[in-house]
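The values are calculated or read from the model by the stated rules, or taken from the named source; none is laboratory data. These numbers were taken from a predicted model, which means no experiment stands behind them. Quick reminder, even Gly has a Cβ in these numbers, built from the backbone with ideal geometry, and neighbours come from all protein chains shown.
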Ligand code: F0G
């Protein structure tokens, strides 16, 4: 078998600034050991997120020049709307400046105190937007999805039995909608099977609860279905995506992921009343319904990105290049969530640093080590991001302690990824020298963005 090469050539490049380990020590300390507070110019390989970091194609850049900047009824809006409708089939399509803006509007309309929103796993902004309205966000991931070292095809699946008991327990009238996140970002970028989406929909229908898909990485999810689910091996990605969305009553999407753009998103649904209420809020917070906080050129780039993302050579390279990094790490004994996810490798910090307890943030310790060793920026998805305190101030850690190496789309080459694996393996070899951290500042919500640490001696 031949090497799977990047299915593109590079027309425009950005320089990388190299730093020394001594410089990185100071940079890290100044940033309070929080990668979100490091200047991008001080980063060698940036794996903080795959969101808004894609390289756009020549075609998308050409589309940028075609953007129609009319306030109302812009051509670019209709092109965007047609592209979203072709894939999702939704009746009402509302542009937003990014995914969380769609969430904010949806949950302002549907949330509120006493309500529950179940999901396989809510992303942090989704959870925050639900909780902001006084509603409760509930994760009902299947058990296998919680065990990093066990390989399974669809570890993002929702536990359908648990969903049904949950609805019975809380009452369908208190559950305004159910969500399913594809792929499951917080649970390791793991896909959800078509069968699971279908079964979740059946339970939702039984209790007349609308199903919304958080579609950030829908194309990666569709490709995994093609690779792993019987009956889909010969289906085009577009058809698989259309079937996934056929089970949904609504969609939230951050176009910064699988629409290959640097900004944008949308909220879509079939229910007219929800759409009217959402549009009214959109006008207050985002803008007129034919631009929703975006420029016409952004809508144009999304429309083109949504076509490019469905190309199989792209998805083949995409999924394989993430898997390639995963294989290199596994070969060196580095514990990761298996199998590798669609957009990222997730290091299992509990097994990487078994002696650092959750309240000393083992994931954060690895994040700092990767930056120090090689200028790689990653992010902790564990006790820093999802840790909570109970009424008595006791710390409650989440199920998993992870470090995410998110791979931006079409940005890094195989040699960049080889370098990443070398740095991670080096950190792993030196793991016995890594220490825990303590928090010296934290915000009341989404604390990981601004938190500051000090190493524990
Ligand atoms: N849902 C999922 C599954 C996400 O991964 C994200 C963003 C959002 C919603 C919110 O979208 O950023 O456009 O407002 N995830 C990024 C990440 C930030 O790094 O995983 P947004």
| Within the bounds of segment 268-276, is there any residue that is in a loop (DSSP other than H, G, I, E, B) and on the phi > 0 side of the Ramachandran plot? | no
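For every residue, the table says whether it meets (1) assigned by TED's automatic domain parsing to the domain that holds residue 253; (2) touching a helix residue (DSSP H, G or I) at 6+ places or on another chain (Cβ under 8 Å); (3) closer than 30 Å to residue 431 by Cβ; (4) surrounded by 19 or more Cβ atoms within 10 Å (Cβ to Cβ).
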residue: 284; (1), (2), (3), (4): yes, no, no, no
residue: 293; (1), (2), (3), (4): yes, yes, no, no
residue: 301; (1), (2), (3), (4): yes, yes, no, yes
residue: 323; (1), (2), (3), (4): no, no, yes, no
residue: 326; (1), (2), (3), (4): no, no, yes, yes
residue: 330; (1), (2), (3), (4): no, no, yes, no
| said: The conditions are (1) touching a residue at least 40 places away in the same chain (Cβ under 8 Å); (2) away from the ligand (no atom under 16 Å from the Cβ), and residue 400 fails exactly one of them. Which is it? | reply: (2)
| Residues that are modelled with pLDDT of 95 or more, under 27 Å from residue 172 (Cβ atoms) and within 13 Å of the ligand (Cβ to nearest atom), drawn from segment 185-215 | 192, 212, 213, 214, 215
| query | In the set 384, 356, which member is farther than 19 Å from residue 50 by Cα, in contact (Cβ under 8 Å) with a residue 24 or more places away in the chain and in a loop (DSSP other than H, G, I, E, B)? | reply | 356
| query | Going by the conditions given, is residue 281 part of a loop (DSSP other than H, G, I, E, B) and more than 27 Å from residue 143 (Cα to Cα)? | reply | no
| request: Report, by residue number, each residue of segment 210-221 that is more than 15 Å from the chain's Cα centre (by Cα) and buried (at least 21 other Cβ atoms within 10 Å of the Cβ). | output: 212
| query | When you look at residue 318, is it within 21 Å of residue 183 (Cβ to Cβ) and assigned to a helix (DSSP H, G or I), yes or no? | reply | yes
| (1) over 16 Å from residue 305 (Cβ atoms); (2) assigned to a helix (DSSP H, G or I): which one isn't true of residue 212, the others all being true? | (2)
| field | Pairs with Cβ under 7 Å, 6+ apart, first in segment 243-255 and assigned to a helix (DSSP H, G or I), second away from the ligand (no atom under 16 Å from the Cβ) | value | 243/194; 244/194; 245/87; 245/89; 246/89
| message | Given the criteria surrounded by fewer than 19 Cβ atoms within 10 Å (Cβ to Cβ), closer than 18 Å to residue 252 by Cα, touching a residue at least 24 places away in the same chain (Cβ under 8 Å) and in the same structural domain as residue 248 (by TED's automatic domain parsing), does residue 82 qualify? | response | yes
